[in-house]
Ligand SMILES: [Ca+2]
């Protein structure tokens with residue numbers, strides 16, 4: 001069995017799995033009506049990274065040479081980070097940007113750190129379950145314009161993100177969650193996801209050092225997944241979410257470095273907005289809500 005599996009791996013090395021079909025030149029998303037609906041509130045720049053070469057493959061399994069190997073993947077039990085999973089044997093580091101257009105990125109890895117960005121853009125994915133090995137991303141995370149994507153549960157193991165996070169224009173996305181992330185050094189934008197009904201899974205997020213923008217999510221009703229958020233370094237923009245009626249999860253927010261803008265959330269009672277405003281000790285910039293929105 002071991003010999004057979006080694007032969008199988010030799011015939012199908014991880015290189016094949018890791019190659020991604022890189023899209024052609026990345027369009028300017030904000031200037032393209034095909035990629036993104038027109039939106040006058042859209043921020044001036046997205047900094048979507050350019051396409052890059054695909055990542056390198058993982059190290060091929062070594063010969064166990066008669067040692068115990070419960071999953072018969074060719075890596076001895078003592079060296080195998082998961083000796084019950086024949087598709088995972090090492091904790092890896094990819095020193096490249098990654099565009100997850102194809103499945104198979106996690107083949108060979110128990111855990112994976114990406115030294116670069118992770119971009120999931122304009123795919124026909126319905127999930128990202130195949131990315132469950134990823135634990136850290138030194139650059140930004142972009143989940144953008146994936147019209148069939150239903151959830152991002154496959155990224156629930158991500159603990160650290162060194163750059164900005166954009167979750168935008170995913171028409172079918174029903175939940176957004178990064179439950180292990182405690183601190184975002186960049187901004188967090190959750191915008192224009194028309195099926196999203198709750199920000200259910202940012203349970204440990206305490207700080208967004210950049211701007212937090214939650215905008216134009218047609219079915220977003222609650223922000224219950226942000227119970228730990230205490231500090232926003234930049235602006236906090238909460239606008240154009242017509243179904244939003246409950247922001248009580250944010251009453252622990254004590255500090256905003258920039259401007260607070262809470263406008264055009266037509267289902268959100270004035271008392272809710274006032275309570276949110278009064279819960280914030282420090283606002284570095286202006287505060288706009290209620291009559292000031294008009
Ligand atoms: Ca093994």
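The values are calculated or read from the model by the stated rules, or taken from the named source; none is laboratory data. If you're wondering where the values come from, they're calculated on a predicted model, not measured in any experiment. Methodologically, a virtual Cβ is constructed for each residue, glycine included, from the backbone with ideal geometry; neighbour enumeration extends over all protein chains shown.
Say whether the condition of being surrounded by 17 or more Cβ atoms within 10 Å (Cβ to Cβ) and under 18 Å from residue 99 (Cα atoms) is met by at least one residue in region 176-199.
Looking for residues that are surrounded by 17 or more Cβ atoms within 10 Å (Cβ to Cβ) and under 18 Å from residue 99 (Cα atoms), one finds none in region 176-199, hence no.
Among the residues that make up region 153-161, is at least one of them outside any loop (DSSP other than H, G, I, E, B) and more than 15 Å from residue 106 (Cβ to Cβ)?
Yes: region 153-161 contains one or more residues that are outside any loop (DSSP other than H, G, I, E, B) and more than 15 Å from residue 106 (Cβ to Cβ).
Within the bounds of region 250-267, is there any residue that is surrounded by 21 or more Cβ atoms within 10 Å (Cβ to Cβ) and part of a helix (DSSP H, G or I)?
yes
Out of region 93-107, which residues are modelled with pLDDT of 90 or more and in contact with a strand residue (DSSP E or B) (Cβ under 6 Å, 6 or more places away or on another chain)?
Correct list: 93, 94, 98, 99.
Just one of (1) under 19 Å from the mean Cα position of the chain (by Cα); (2) buried (at least 18 other Cβ atoms within 10 Å of the Cβ) trips up residue 73, so point out which.
Result: residue 73 fails condition (1) only.
Does residue 225 satisfy the criteria of being on the phi < 0 side of the Ramachandran plot, surrounded by 15 or more Cβ atoms within 10 Å (Cβ to Cβ), outside any helix (DSSP H, G or I) and out of contact with any strand residue (DSSP E or B) (no Cβ under 6 Å at 6 or more places or on another chain)?
Taking the combined requirement at face value, the residue does not satisfy it.
Tell me whether region 159-167 contains one or more residues that are surrounded by fewer than 18 Cβ atoms within 10 Å (Cβ to Cβ) and closer than 21 Å to residue 235 by Cα.
Yes, some residue in region 159-167 is surrounded by fewer than 18 Cβ atoms within 10 Å (Cβ to Cβ) and closer than 21 Å to residue 235 by Cα.
Among (1) more than 16 Å from the ligand (Cβ to nearest atom); (2) surrounded by fewer than 19 Cβ atoms within 10 Å (Cβ to Cβ), there is one condition residue 87 misses while meeting the rest; what is its number?
(1)
Any residue that is touching a helix residue (DSSP H, G or I) at 6+ places or on another chain (Cβ under 6 Å), within 16 Å of the ligand (Cβ to nearest atom) and either at pLDDT 95 or above or at positive phi (or both) - is there at least one of those in region 128-146?
no
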